[in-house]
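Presented below is the structure to which this report refers.
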Amino acid sequence: MIATVTLNPSLDRHVAVDNLVLDDTNRWVSMKYQPGGKGINVSRVIYELGGDTKAYGFVGGVDGDVLKKLLKGHKVPCDFTSIKNDIRSNFIITDLKTHRQTRISAPGPQVSSGELKKLVDKITGIKPKPTHIVFAGSVPPGVPGDIYYELIVRMQAMGIVTVLDSADQWLREGVRAKPDIIKPNVREAQGLLGVELKTEEDVIYAVKTIVSSGIKIASISRGREGMIIADKDQIFKVVPPDVQVLSTVGAGDSTVAALVLKLSQGGTLEDASRLAVAAGTAATLTAGTELCHKADVESLLPQVKVERLLF
Ligand SMILES: Nc1ncnc2c1ncn2[C@@H]1O[C@H](COP(=O)(O)OP(=O)(O)OP(=O)(O)O)[C@@H](O)[C@H]1O
Ligand SMILES: [Mg+2]
């Protein structure tokens with residue numbers, strides 16, 4: 001089973017308006033709730049692709065109840081830790097005339113040390129023990145910035161394969177624990193390494209640097225250019241076909257889900273990378289925050305180009 005941990009989930013509110021006017025009243029054309037949070041997205045995609053997964057994390061308040069209901073509707077297994085405060089809510093306003101999207105994001109609720117302890121106890125006591133665990137996204141206020149470091153160390157001691165997909169200080173602190181797999185995008189990798197990654201050669205060098213630091217599989221995703229991925233013996237450039245992109249939201253989460261799923265099934269790095277890029281690109285074919293559809297992943301799979309690079 002692949003467990004995912006979302007410390008800072010959200011209930012996303014999507015509002016569509018015909019022509020957004022500032023300083024005036026706008027009437028919405030549609031309003032939709034969506035579950036938000038990177039780990040939750042990873043679990044949703046693993047479920048969509050037929051894998052065994054369960055989503056863990058913090059959930060609180062009325063919005064937390066709505067989030068749980070939505071996940072139940074998607075049939076995604078979850079076992080959240082309750083917190084006193086309301087989970088955050090992101091507002092996404094889409095202007096149907098200009099196709100511009102305005103996001104208003106929240107930092108997240110204050111989480112107490114007692115609530116954090118409950119979550120740590122829960123995920124260290126999952127039975128049967130998961131084979132893989134994915135830590136993804138931001139960390140809410142009140143939770144120490146090095147929480148991913150602590151959690152990864154504990155999971156490694158239990159023999160669980162660890163995956164980290166985060167940014168900024170949470171990624172920097174987390175990688176000190178040498179998770180098995182990371183998949184930053186170019187911006188996140190730049191922040192991690194403290195260098196600019198302008199060319200493909202820069203990205204290749206960055207992936208090799210991360211692997212030589214002791215992380216087993218390093219992948220840097222590059223939007224429409226696909227990704228560069230390596231372990232200690234091999235390195236691949238993986239490129240998706242040209243597609244008509246509707247929305248790139250959740251593309252990276254779909255990539256992580258497919259990569260971990262295939263590896264957990266004993267797939268080679270090459271096979272897992274192909275599926276990962278097919279899933280990421282399939283997510284761009286769906287509108288808004290909708291994630292990838294299995295049928296799209298399958299039809300894109302043979303069109304993904306995997307090139308072995310010299311190590
Ligand atoms: N414009 C695009 N055209 C085709 N494929 C894309 C495009 N953007 C993203 N993808 C696919 O999705 C994968 C991940 O994209 P990206 O590098 O943007 O991830 P990310 O920044 O981590 O995304 P997220 O915001 O979901 O975390 C890419 O490797 C690619 O397969
Ligand atoms: Mg990402």
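See the values below:
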{"quantity": "Set Leu300, Leu309: member being at pLDDT 95 or above, open to solvent by less than 20 Å² (accessible area, probe 1.4 Å) and either over 12 Å from Ala258 (Cα atoms) or outside the structural domain of Ile204 (by TED's automatic domain parsing) (or both)", "calculated": "Leu300"}
{"quantity": "Single condition Glu225 does not satisfy, out of (1) open to solvent by 50 Å² or more (accessible area, probe 1.4 Å); (2) in contact with a helix residue (DSSP H, G or I) (Cβ under 9 Å, 6 or more places away or on another chain); (3) over 26 Å from Leu285 (Cα atoms)", "calculated": "(3)"}
{"quantity": "Given (1) in contact with a strand residue (DSSP E or B) (Cβ under 7 Å, 6 or more places away or on another chain); (2) in a loop (DSSP other than H, G, I, E, B), index of the condition Leu197 fails", "calculated": "(1)"}
{"quantity": "Residue match in the range 185-206 (condition: within 27 Å of Pro130 (Cα to Cα) and crowded, with 24+ Cβ neighbours inside 10 Å)", "calculated": "no"}
{"quantity": "Subset of the range 167-214 [closer than 14 Å to Ala230 by Cα, among the basic types (Lys, Arg) and away from ligand 2 (no atom under 16 Å from the Cβ)]", "calculated": "Lys208"}
{"quantity": "Test: residue in the range 45-66 that is loosely packed, with under 12 Cβ neighbours inside 10 Å and of a type outside the set (Lys, Arg)", "calculated": "yes"}
{"quantity": "Some residue of the range 210-226 being among the basic types (Lys, Arg), over 19 Å from the mean Cα position of the chain (by Cα), more than 7 Å from ligand 1 (Cβ to nearest atom) and over 30 Å from Gly288 (Cβ atoms)", "calculated": "no"}
{"quantity": "Any hit, the range 9-31, residues being under 26 Å from Ile160 (Cα atoms), outside any strand (DSSP E or B) and not assigned by TED's automatic domain parsing to the domain that holds Ala295", "calculated": "yes"}
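The values are calculated or read from the model by the stated rules, or taken from the named source; none is laboratory data. Keep in mind that this is a model prediction, so the values were computed, not measured. All Cβ positions, even for glycine, are placed from backbone atoms using ideal geometry, and neighbour counts span all protein chains on display. Calculation scope for accessible area: heavy atoms of the full protein, side chains included, ligands and nucleic acids excluded. Shrake-Rupley method; radii C 1.70, N 1.55, O 1.52, S 1.80 Å.
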